[in-house]
1. What does DSSP give for the protein assembly as shown in terms of the percent of beta bridges that are antiparallel, rounded to the nearest 5?
2. Tell me, what is the Rg over Rh of the protein assembly as shown, with Rh the Kirkwood radius over Cα pairs?
3. Order the peptides A:114-127, B:128-141 from the highest to the lowest mean number of other Cβ atoms within 10 Å of their residues.
4. Using Cα atoms only, what is the angle between the long axis of helix B:226-237 and the major principal axis of chain B, expressed in degrees (0 to 90) to the nearest 10?
5. Can you give the average number of partner chain beta-carbon atoms within 10 Å of each beta-carbon in peptide B:173-182, as a whole number?
6. In deg cm²/dmol and to the nearest 500, what is the mean residue ellipticity at 222 nm of chain B if only DSSP H runs of at least 4 residues count, each as -39500 (n - 2.57), divided by the residue total?
7. What ranking do B:69-77, B:167-175 get when scored by the average of other Cβ atoms within 10 Å per residue, highest first?
8. Average partner chain C-beta neighbours within 10 Å, per residue of B:204-216?
Amino acid sequence: MDLEGAAKLSKNVLRMKFMQRSLDPEAKKQLEEDEKKVISEEHWFLDLPELTAHENVIVMERSFVSCEDLMFGRISFKGFNPEVEKLMAATNKSENTDDDEMSKMDTDITDEDMAMRYANLVGSIKKKFAKKREHASFEDEAPSLEKQAKRTFQKPSD
Amino acid sequence: MFASFKDKIGEAVLPGDVFTLELPSPENKAKAEKLICGPGLRRDGDNVSVCKCGVLRHKPPNVFWIDSQQKRYVPVKGEAVIGIVTAKSGDIFKVDVGGSELASLSYLAFEGATKRNRPNVQVGDLVFGQFLIANKDMEPELVCIDSCGRANGMGVFGEGGLLFRVSLGLVRRLLVPQSELLAELSALFPCELVVGLNGRVWVKAASTQHTLILANLLQSAENMTAKQRQQLFRKVADGAL
């Protein structure tokens, strides 16, 4: 066998982990540089002029839809296709009557209803936080319950 | 900042016309406003140049575009179009949308479609869908569902109606909010329209006669003044045709 050929190991073999110990520092450096070169050559980049300078100022929009606020292309008149008319009503409503919906939401529960509800709530919440002994005072207010509730201990007969 | 644009709003412009943007100097603390260039305008370094002939339009605050007449459709992402299914191949359909290339439409891109439950789409069917991918370097891709997976008026349609082509300008005139043309149509008789931004329009009315009237009206409305059109529509409403 040729001894000189055996002494020269290939680069790929030298890069392996178990070969690192036997490498001298200079050869190590050489290898690292080679590796860096390979990586930077593999990365692609575009050779472009300076278009990016005002990218944030000019925005391109390729569609007429957003420019002219075009509607969706399904249209039906005089109840020919009720499904499509429902769809049209839904899309049109969402576009131009946001304010109307807000006012509608307000009238859903009137101020009087709200006041009544809270007036009732005050009593029931108060009861909830009262201690056991204080419950009795609340029950006084309900006279029909009072008579049933007052029971005394009855001695059993022998 | 948009002074050069604002001088020309409503005027005809030609390809090659250049608008210059007066950008505030970097020392000036005033922040540069954004400019939105619609169809027909393209950026050329610091300037904006015109690439279609037509009328310059403006929508406040900062949107500018060219209102042009053309018949050739170029797919744009998000636009809803009418396509004709021309081939079935494996798990996609090839759909003719009038662009330079056939669009692909996955069989899973229909409402309620699963791998087991295929939608019933035949060659020759009409589909109403929107572009998911529309790129000058790639094959356009159509879907018949929105981002939530609902059909919302898209999908296969078109039994017993009539499909025809009009210019892209007429289609936009039909679809602008408070469209005069549409208001006049709505006063005639019960009917249904599907309008694709690729210039295809499908109409259907109660009888074949009415469908044909509708189609002829729309096609002739292309080159009419508002007055002529109103006269014609009144004639139809009176039952002259």
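1. Around 85 percent antiparallel, to the nearest 5.
2. We get a ratio of 1.25 for the protein assembly as shown.
3. Descending packing order for the listed peptides: B:128-141, A:114-127.
4. So the inclination is approximately 20 degrees.
5. Working: counts 1, 4, 9, 5, 7, 1, 3, 0, 0, 3.
Mean number of neighbouring Cβ atoms from other chains: 3.
6. Theoretical 222 nm ellipticity from helices: -5500 deg cm²/dmol.
7. B:167-175, B:69-77
8. For peptide B:204-216, the averaged partner shielding equals 1.
Bear in mind these aren't lab numbers, they're just calculated from the coordinates by the rules spelled out. A quick note: this is a predicted structure, and the numbers were derived from the prediction, not measured. Here Cβ is always computed from backbone atoms with ideal geometry, including for glycine, and neighbour counts include all displayed protein chains.
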